[in-house]
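Sharing a structure here in structure tokens format.
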Amino acid sequence: MLRVFKFGGALLKDVRGMRNMASIVEEFRCEPLVIVVSAIGKTTNALENLLHLARQEQQPQQLQEAYFALMKEHIRLVRSLELQDESSLIHQIEGDFYNLWQALKKTPKDPFFAYDSVVSFGELFSGHIAAYLLGEKSLPVKLTDARTLIVTDENFTSANVNWPYTQKTVEARITPELQRGNIVLTQGFIAAGHKGNVTTLGREGSDFSAAIFAYVLQAEEVCIWKDVPGLMNCNPQVFSDAVKLAHVSYNEAIELAFYGASVIHPKTLQPLRKRNIPLKVCAFYAPETLPTLIDVNEENDADIPKIILKEHQTLLSISSRDLSFMAEENLKTVFSAFSKYKLHINLMQNSAVSFSVCFDENREKLDAVINNLKEEFILKYNTGLQLLTIRHDNGELLGKLTRGKQIYLSQKNRTTLQVLMRQMEE
């Protein structure tokens, strides 16, 4: 029974998490297994900061300090694991960081190409550490670089999978290792374009990587390990009355992902649904707990309301200067600008002469879109908003969750209601 396990970076950030991951893998050592790991802790954020500093050439000292702080964090983790072959792994990590420094010095003009070149290093670091740890547990682990497995186009930061080529590379490099009885460990989130340039699959794309491998290898199931008991109906760090969902359908999980639920990546469910491969959301620190099961069955989807609250939202209102309708030609211009700067729209609403969109706050991208559209349109925006989404409302939640809030925009359909809001000043 072939399984694909995915371990997120928040789980692998310390000795406890690394050792717990190894214990889980040991439990399944006798079965075919593919393991996907993410960058540890907040490494992706730290790499984004390094790239930002590298592009501002007037801050070389800050860049060096941040670079060495990140390297020390990884070496500190290695030493805390007390590995027998510690020096060899540290040498490997230092080599990876040298290559990172070279990538930072180049900083290509294309910001999306530069992003993938730099941020992809996080998964390389964690892959080496996890492989060394599992190897010292006498597990037959084979580290295989994801950049030699997943083939994409060169839509940097959100690359699209070339499925026929990926099928060939995965079958050529993973299947023989599994047949030899090896556990294959690889990285999530990263891939390579047809020209060999490193690409990434979108933020939090390690879930998607696991689904790609499961689809190609026709795995029996995918297990995503989380620091929660399973898939919850809302964020337990925000809502004290969060409850675990025992089961949801592929369709419901895709809807939740689309609206911003952080547990499952939006692209993850699509390849799994095509092959009817069940996805389990498992409790990392209580593996004996029954996981949340995601499969084709839709019977229980409306039983429990689901709440998604996205912070740090921007509302941009776009109006025609001559009071002409915001019809197809105007909307084509607007969508083209959002596509060019890779801004994902979380909510949109159209009226006769205006078009409003909500998206995650990003000052640099907001300024770029405004500069692109300001000649043709009147633009107004608000920042610091919250986007509340409720699936299958029970008639009580909306009033409770919007009490004391200023409403900027609201929408409702048969299953979902959304409200863009801000806390009212007292």
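Considering only Q59, Q386, Q92, give the residue with the highest GNM mean-square fluctuation for the chain, with springs between Cα atoms whenever their separation is below 10 Å.
Taking springs between Cα atoms under 10 Å, the residue moving most is Q59.
Specify the residue with the greatest mean-square fluctuation among K400, K267, K105, computed from a Gaussian network of the chain linking alpha-carbon atoms under 10 Å apart.
K400
Is the C-alpha gyration tensor of region 3-219 telling us rounded, prolate or oblate? Criteria: a/c under 1.5 is rounded; beyond that, a/b larger than b/c is prolate, otherwise oblate. Could the numbers behind the result be given before it?
On the way: a/c = 2.19, a/b = 1.21, b/c = 1.81.
Oblate is the answer for region 3-219, as a/c is 1.5 or above yet b/c matches or exceeds a/b.
Separate question: Tell me the net charge near Y341. Cut-off is 9 Å between Cβ atoms, Y341 excluded, with +1 for each Lys or Arg and -1 for each Asp or Glu. Mind showing how you got there, number by number?
Values: positive: K340, K342, K365; negative: E364.
So the surrounding residues net to +2.
For the cross-link pairs K226/K310; K244/K400; K13/K42; K142/K267; K342/K405, which exceed 18 Å when the distance is taken from alpha carbon to alpha carbon? Please list the in-between numbers first.
Values: K226/K310 20 Å; K244/K400 21 Å; K13/K42 8 Å; K142/K267 27 Å; K342/K405 30 Å.
Cα-Cα > 18 Å for K226/K310; K244/K400; K142/K267; K342/K405; rest within.
Still on this structure, please answer the following. Along region 62-71, what does the Karplus equation 6.51 cos²θ - 1.76 cosθ + 1.60 (θ = phi - 60°) give for ³J(HN,Hα), rounded to whole Hz, x for Gly and Pro?
Listing the rounded values in order: 4, 4, 5, 4, 5, 4, 5, 5, 5, 5 Hz.
Report the dimensions of region 3-108 along its three principal axes from the alpha-carbon atoms, largest first, rounded to Å.
53, 28, 20
Using every pair of alpha-carbon atoms in the chain, split the distances into 10 Å bins beginning at 0 and state the percent of pairs per bin, rounded to integers.
4, 20, 28, 27, 16, 5, 1, 0
Also, quick follow-up: If you find the alpha carbon centre of region 356-426 and of region 19-48, how far apart are they in angstrom?
So the two Cα centres are separated by 36 Å.
If I take the Cα coordinates of region 306-423 and project them onto the principal axes, what are the three extents in Å, biggest first?
44, 28, 23
Based on the alpha-carbon gyration tensor of region 99-233 and its eigenvalue square roots a ≥ b ≥ c, which shape applies: rounded if a/c is under 1.5, prolate if not and a/b is larger than b/c, or oblate?
The shape class here is rounded.
Another question about this same structure. Hey, what do the phi angles of region 237-244 turn into as Karplus ³J(HN,Hα) couplings, whole Hz, using 6.51/-1.76/1.60 and θ = phi - 60°, x for Gly and Pro?
7, 10, 10, 6, 9, 4, 10, 7
Around P236, under 14 Å between beta carbons, what's the net of Lys plus Arg minus Asp minus Glu among the other residues? If you can, show how the numbers build up before the last one.
Numbers: positive: K226, K244, K306; negative: D227, D241.
Within the 14 Å Cβ shell, the charges total +1.
A follow-up question, please. Say each of E171 and E31 gets a label point 7 Å from the Cα, pointing the same way as Cα to Cβ; how far apart are those two points in nm?
According to this spin-label approximation, the distance is 2.5 nm.
Which of Q406, Q64, Q237 moves most in a GNM of the chain, Cα contacts under 10 Å?
Q237
Bear in mind that the values in this text are calculations on the coordinates, not laboratory data. All of these numbers come straight from a predicted model, not from anything done at the bench. Note that each Cβ is placed from the backbone with ideal geometry, even for glycine, and that neighbours are counted across all protein chains shown.
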